[in-house]
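S.K.: The structure follows.
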Amino acid sequence: MSPDLSTAPDVATLSPVEHQRGRLFPWVKPYYRDPLVIQEAEGVRVRDVEGRSYLDFFAGILTTSVGHCHPEVVARVQTQVARLGHTSTLYVTEGQLEVADTLTRLAPGRLSRVAFTNSGTEAVETAIQAACCYTGRSEIIALRHSYSGRSILATNLTGHAPWRPMASSVAGIKHARAPYVFRSPLGPTASDEEHTRFFLDDLVEVIETTTSGRPAALLVETIMGVGGFIVPPQGYLEGAAEIIRSYGGVLISDEVQAGFGRTGTHWFGCQHFGVEPDLMVMAKGIANGFPVAATIATDEVADAWAGLSVSTYGGNPVSMAATAATLEVMEREDVPERSRVRGEQLRAGLDELGRCYPWIGEVRGMGLMQAMELVKDPHSRAPDAARARALMEAAREEGLLIGAGGLNGNVIRIGPSMLITEAETAEGLERLARACARAAADGADA
Ligand SMILES: Cc1ncc(COP(=O)(O)O)c(C=O)c1O
């Protein structure tokens, strides 16, 4: 229940949680029955206001990619903010060019032109506008179970009812089936090839039956983040790229969650599938928690944007200092390889838990982006959100932060800093195992 702050004599008498409930919009909704008030953090540890320490297996939604308050990022930001804090995009700054060069070097294919903004939402919007300018078309195909952000366009692109606050509708957005094998109507006995064919046939049918047949773009998350780390079956992304291009549209790969080594081996999720998108969207892990996002496009797509645009804070010198330092650390530490190795360790531990508890319906993911989908029983696969809530609470009690996701809130998401050590990963798995034992005892009643 939100306190009425207009009659509260003194907000100092309120706890931070009560203060927030009365002062902020209700959609600023923290995790947990008794929300956690974090005060400080370092590496993979965060501390709350009462001095309790937690191992962070969620990294502020896969964002503190090289750990909280990484000393090189902190130092670079401190130096920059004392030297030049803001210019706007009306002036040239060297930091922006340095970061754009690095992104171009890391990005696949011919992606070489960059626009900086401040959030994944804005980067998605930029990609959609660029695709429309380039193709001269306006219909966009997105996927069910996708998440694109919180603007009106982005909530319409998002394929989850709970993330749409009202029945707003942006014309021209159509949703094809997500390549969600675990919940595919073909059932658990179908092969990956059969699932892939089914999802691709649906994409064609959506284009043929719900659009003019002339779509501007297909927007895909290579691994669907908020949807619950849905990994497409082999052949899906390649096939989807081929299909959208055969209809004259472009492929936009949303790498907000899957980007920057998170999925292991490669820098971006789409590289696992050998797909070179026409546009790519990046945010979260790009700057270790600073509000930075980027849209990268081929020359011809970028050049088609003839109209004016400006981003007051896009490419801000302080944001670019954070980004440059983060990318430097990520390259030096070879985070794609670290994610692969630590991801294997994490996955082995989660698979072990999956064998112990029938309510862990599926363990899935790539690299350090791993999830457990919780079900009431393995046969019906009915989503078990109550158990997921119980596991979140139990993990917190065990001093471990994990995330929730999925359309029904029944998927546990794990994505720690990519600099996490072997010992820290093992410690997190032990804490998670204890939390699972607690949730097994009381989860269904939560
Ligand atoms: C895949 C994806 N795209 C876009 C966004 C929107 O990013 P932001 O919250 O920075 O606006 C998110 C956020 O979770 C995301 O997961």
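S.K.: For the chain, which longest stretch is free of loop sites, where a loop site is one of the GluC sites (Glu not before Pro) that DSSP puts outside H, G, I, E and B and that has at most 16 other Cβ atoms within 10 Å?
M.R.: Formally, the longest exposed-site-free interval is 51-332.
S.K.: DSSP beta bridges in the chain, what fraction antiparallel, as a percent rounded to 5? Numbers along the way, then the final one.
M.R.: Details: 32 of 48 bridges.
Among the beta bridges of the chain, antiparallel pairing accounts for roughly 65 percent.
S.K.: Right, next: Want the number for Lys29 to Asp101: 0.36 nm per residue separation, take away the alpha-carbon distance, what's left? Display every interim value, and only then the final one.
M.R.: On the way: separation 72, 0.36 × 72 = 25.92 nm, distance 3.71 nm.
So the extension gain works out to 22.2 nm.
S.K.: For the range 192-322, which semi-axes, largest first and in whole Å, follow from the square roots of 5 times the eigenvalues of its Cα gyration tensor? Could you put the intermediate results ahead of the total?
M.R.: Working: eigenvalues 155, 82, 26 Å².
Working from the Cα gyration tensor, I get semi-axes of 28, 20, 11 Å.
S.K.: Could you give the alpha-carbon Rg of the range 1-108 over 2.2 N^0.38 Å, rounded to two decimals? All intermediate terms of the calculation are to be shown ahead of the outcome.
M.R.: Values: Rg = 19.4 Å, N = 108, 2.2 N^0.38 = 13.0 Å.
Here the Cα radius of gyration is 1.49 times the empirical estimate.
S.K.: Work out how far the C-alpha atoms of the chain reach from end to end along every principal axis, then list the three figures in whole Å, largest first.
M.R.: Reported extents, whole Å, longest axis first: 61, 55, 50.
S.K.: If you find the alpha carbon centre of the range 126-199 and of the range 379-436, how far apart are they in angstrom?
M.R.: Result: 26 Å between the Cα centres.
S.K.: Also, I was wondering about something else. Please find the FRET efficiency linking Ala433 to Ala306, where r is the Cβ-Cβ separation and R0 is fixed at 45 Å, and quote it to the nearest 0.05. Write down the numbers at each step before the final one.
M.R.: On the way: r = 57 Å, r/R0 = 1.26.
So, using R0 = 45 Å, E works out to roughly 0.20.
S.K.: Between Asp377 and Phe182, what FRET efficiency follows from the Cβ-Cβ distance if R0 is 25 Å, with the result rounded to 0.05? Display every interim value, and only then the final one.
M.R.: On the way: r = 14 Å, r/R0 = 0.57.
According to the calculation, E is roughly 0.95.
S.K.: Report relative contact order for the range 71-332 in percent, whole number only (criteria: Cα-Cα under 8 Å, sequence separation at least 6). Numbers along the way, then the final one.
M.R.: Details: 525 pairs, mean separation 82.9, N = 262.
Relative contact order of the range 71-332: 32 percent.
S.K.: Take the eigenvalues of the Cα gyration tensor for the range 340-384, scale each by 5, and report the square roots as semi-axes in whole Å, largest first. The partial results should precede the final answer.
M.R.: Numbers: eigenvalues 94, 21, 6 Å².
Calculated on Cα positions only, the semi-axes equal 22, 10, 5 Å.
S.K.: Which FRET efficiency value, to the nearest 0.05, do you get for Val92 and Asp351 by plugging their Cβ-Cβ distance into 1/(1 + (r/R0)^6) with R0 = 56 Å? Walk me through the numbers on the way to the answer.
M.R.: Details: r = 51 Å, r/R0 = 0.90.
FRET efficiency, Val92 to Asp351: 0.65.
S.K.: Report the Rg/Rh value for the range 71-332, based on alpha-carbon coordinates and the Kirkwood definition of Rh. Don't skip to the end; give the middle numbers.
M.R.: On the way: Rg = 18.4 Å, Rh = 18.8 Å.
Taking Rg over the Kirkwood Rh, I get 0.98.
S.K.: Where does the chain land at 222 nm, in deg cm²/dmol rounded to the nearest 500, when only DSSP H runs of n ≥ 4 count, each adding -39500 (n - 2.57), divided by all residues?
M.R.: Taken over the chain, the calculation gives -12000 deg cm²/dmol.
S.K.: Taking every pair of distinct Cα atoms and averaging 1/r, then inverting, what Kirkwood hydrodynamic radius in Å comes out for the range 359-398?
M.R.: 10.8 Å
Bear in mind that the values in this text are calculations on the coordinates, not laboratory data. As the structure is a prediction and not an experimental result, all values here were calculated from the model. Backbone-built Cβ (ideal geometry, glycine too); neighbour counts: all protein chains shown.
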